[in-house]
Amino acid sequence: MAEQINEVVEKIFQAGERALGVRWKDGHESSYEIRDLRLKCPCATCVDEWTGEKRINEKQIPADVHPIQIEGVGRYGIRIRWSDSHATGIYTFEWLRSHCPCGRCSRQLKN
Amino acid sequence: MAQSISEQEILNALKVVKDPDLNRDIVSLGFVKKIKIDQGKVSFDLELTTPACPVKEELKKGCEEAVRKLPGVSHVAVELKSHVSSRPQFGQTTVLPQVRNVIAVASGKGGVGKSTVTANLALALSDSGAKVGLLDCDIYGPSIPTMFGVRGKKLESTVDQKILPLKACGISLLSIGFLSDDKTAVIWRGPMVHQIIQQFLTRVEWGELDYLLLDLPPGTGDAQLTITQTVALSGAVIITTPQEVSLIDARKALVMFEKVKVPILGIIENMSYFGCAKCGEVAEIFKRGGAQKIGDEYKVPILGEIPIDPHIVVTGDDGLPIVRAEPDSLTAKIYRMIAGAVAARMSVSNLTLSEAASLNVQWQNK
Ligand SMILES: Nc1ncnc2c1ncn2[C@@H]1O[C@H](COP(=O)(O)OP(=O)(O)O)[C@@H](O)[C@H]1O
Ligand SMILES: [Mg+2]
Ligand SMILES: [Zn+2]
Ligand SMILES: [Zn+2]
């Protein structure tokens, strides 16, 4: 089974003051606004597992929320420990790639 | 007297020898080491990526022939060596840092022979010269202590509170069965499963290992989740019997590993057929080759088929798996072949998998 090259991470880094950067094996680079990433946390506390409904109250997430620690999870994602002490979210590489906010990716998603 | 041969000429000649698994010549793979030339006498090491390499003798012979053909060479001596390649590390270097490869042995259903296969593969790898450990994570029915005749043994720990695995038959063993009195059926609940497995992965003094095999509980539950999240597994091997009920669940296990990006080394079909001990005739009790269907579907190789053999049961119950108890039996040979296939697939996977990603981010607040 071959690896899916567009879901393989080469590097994760801080891209400016408020963005997390991911450089992918296929050369693409994604940049995620970090509060937006916190709001989209895919964990079971933040998203209802059955209905997919968001349970997060955006107003309760501080404006300056930021990662305290980022660690690899198995081979397939990262776990972010946030400054609001939320730490249960695993962002899989698959999820990150499919949520790349760049113009090209979001256009592709719409088509 | 003929002019002395050069190292470069030898390397050029050796380029015709290809490793069939890695599909590259042994020179560009860097397998040829320590070339010594003493007039017409040439010697060198052939360093493979696993001592269990199924074609090591062929490779050695190929090397000898290629070099002997060179003019001026009167004698060739090739020494087989191995250096087991490591899984590309991935952020979590702190988990099992001294273990080169962590391989999960999984099945969809219980009773398909997963523990038996794991035990025999571990011993076959160890017999080939590798340093091997076996971690029994089967919370529902840890059977490894029985198979190695070490039931009821107590574990010891180091001064810094690390658990020491047991040594049995030359391999390092640890089982969830060592934690409980085996007369009391313990029902581990989700959070406990998580805690125990995490301890097994992070607080055990395994020492340096080439292969650590994990005997997983059947299915795709809490234990599997904890394992795939805690350690960057090098690969997974799926065990199934040829029956449809077993195949359906094997497929689920395979999909789970695929989801978390663990390389699937292959599928082993157990209790595949019945070979008559007297006449050698093969009777296919179930539909043999059912695993091949999944293999084709997911492009995963079949690593081997193990026959139904009553000696497997007896040796398992007696505390010495068949690979050691009856090393000359056909079944033991089959296990050794499969161990070679697993090791070869592992080397290929390590070679082709992407380099470790760099995940270290120290967030700077401005
Ligand atoms: N190839 C085989 N032929 C005959 N009996 C087998 C074979 N493989 C396993 N067994 C037996 O089947 C039973 C279940 O095997 P086990 O390894 O405990 O399965 P699992 O770990 O999948 O639950 C054991 O009694 C074992 O000795
Ligand atoms: Mg078992
Ligand atoms: Zn969350
Ligand atoms: Zn993009």
Take peptide A:90-98, look around each residue's Cβ out to 10 angstrom, count Cβ atoms belonging to other protein chains, and average those counts. 1
Just in the stretch A:17-108: which chymotrypsin sites (Phe, Trp or Tyr not before Pro) are loop by DSSP and have at most 14 other Cβ atoms within 10 Å? A:Trp50
I want to check a number: in chain A, how many lysine pairs have alpha carbons closer than 20 Å, given a sequence separation of 8 or more or different chains? 4
Give the average over all directions of the projected area of the C-alpha convex hull of the protein assembly as shown, one decimal, in nm². 29.5 nm²
Dimensions of the stretch B:28-165 along principal axes (Cα, Å, largest first)? 64, 37, 28
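Quote the charge dipole size of the stretch A:50-111 about the Cα centre in Debye, to the nearest 20; the model charges only the Cβ of Lys and Arg (+1) and of Asp and Glu (-1).
That gives the stretch A:50-111 a dipole magnitude of about 300 debye.
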For the stretch A:1-106, count the residues as N, evaluate 2.2 N^0.38 Å, and divide the Cα radius of gyration by that value, please. 1.06
Which is the longest part of chain B that has none of the GluC sites (Glu not before Pro) sitting in a DSSP loop with at most 16 other Cβ atoms within 10 Å? B:1-204
What stretch of chain A, leaving out the sites themselves, is the longest with no GluC sites (Glu not before Pro) in a DSSP loop having at most 10 other Cβ atoms within 10 Å? A:54-111
Once the other residues with Cβ under 12 Å from the Cβ of B:Gly219 are scored (Lys, Arg +1; Asp, Glu -1), what is the net sum? 0
Which of B:Leu155, B:Leu96 comes first, and how do the rest follow, when ranked by fewest Cβ neighbours within 10 Å? B:Leu155, B:Leu96
The stretch B:126-180 - Rg and Dmax from Cα coordinates, angstrom: 11.6, 33
Pick from B:Ala223, B:Ala250, B:Ala77: which is most flexible by mean-square fluctuation in a GNM of chain B where alpha carbon atoms under 10 Å apart are linked? B:Ala77
Here FRET efficiency (C-beta to C-beta, B:His75 to B:Leu155, R₀ 41 Å, nearest 0.05) is 0.20
What's the magnitude of the charge dipole for the protein assembly as shown around its Cα centre, counting Lys and Arg as +1 and Asp and Glu as -1 at the beta-carbon? Answer in Debye, nearest 20. 820 debye
Neighbour-count ranking for A:Arg81, A:Arg107 (other C-beta within 10 angstrom, fewest to most) reads A:Arg107, A:Arg81
Using the Kyte-Doolittle scale, which helices in chain B average at least -0.5 and also have C-alpha atoms spread 24 Å or more along the helix axis, with helices defined as whole DSSP H runs? B:330-352
Taking each residue in A:13-19, count the Cβ atoms of any other chain within 10 Å of its Cβ, then average. What number comes out? 2
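Normalised by the number of residues in the stretch A:5-110, what is the relative contact order in percent for Cα pairs under 8 Å and 6+ residues apart?
Across the stretch A:5-110, relative contact order equals 20 percent.
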Rounded to a whole number of µm²/s, how large is the Stokes-Einstein D of the stretch B:7-82 at 20 °C and 1.002 mPa s, given Rh as the Kirkwood radius over C-alpha pairs? 175 µm²/s
With runs of 4+ DSSP H residues as the only contributors, calculate the mean residue ellipticity of the protein assembly as shown at 222 nm using -39,500 (n - 2.57) per run, divided by the residue total and rounded to the nearest 500. -9000 deg cm²/dmol
Using only Cα atoms, locate the centre of the stretch B:306-321 and the centre of the stretch B:21-66, then give the distance between them in Å, rounded to an integer. 37 Å
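Each value in this text was obtained by applying a stated rule to the coordinates, not by laboratory testing. Keep in mind that this is a model prediction, so the values were computed, not measured. Here the Cβ is made from the backbone with ideal geometry for all residues, glycine too, and neighbour counts use every protein chain on show.
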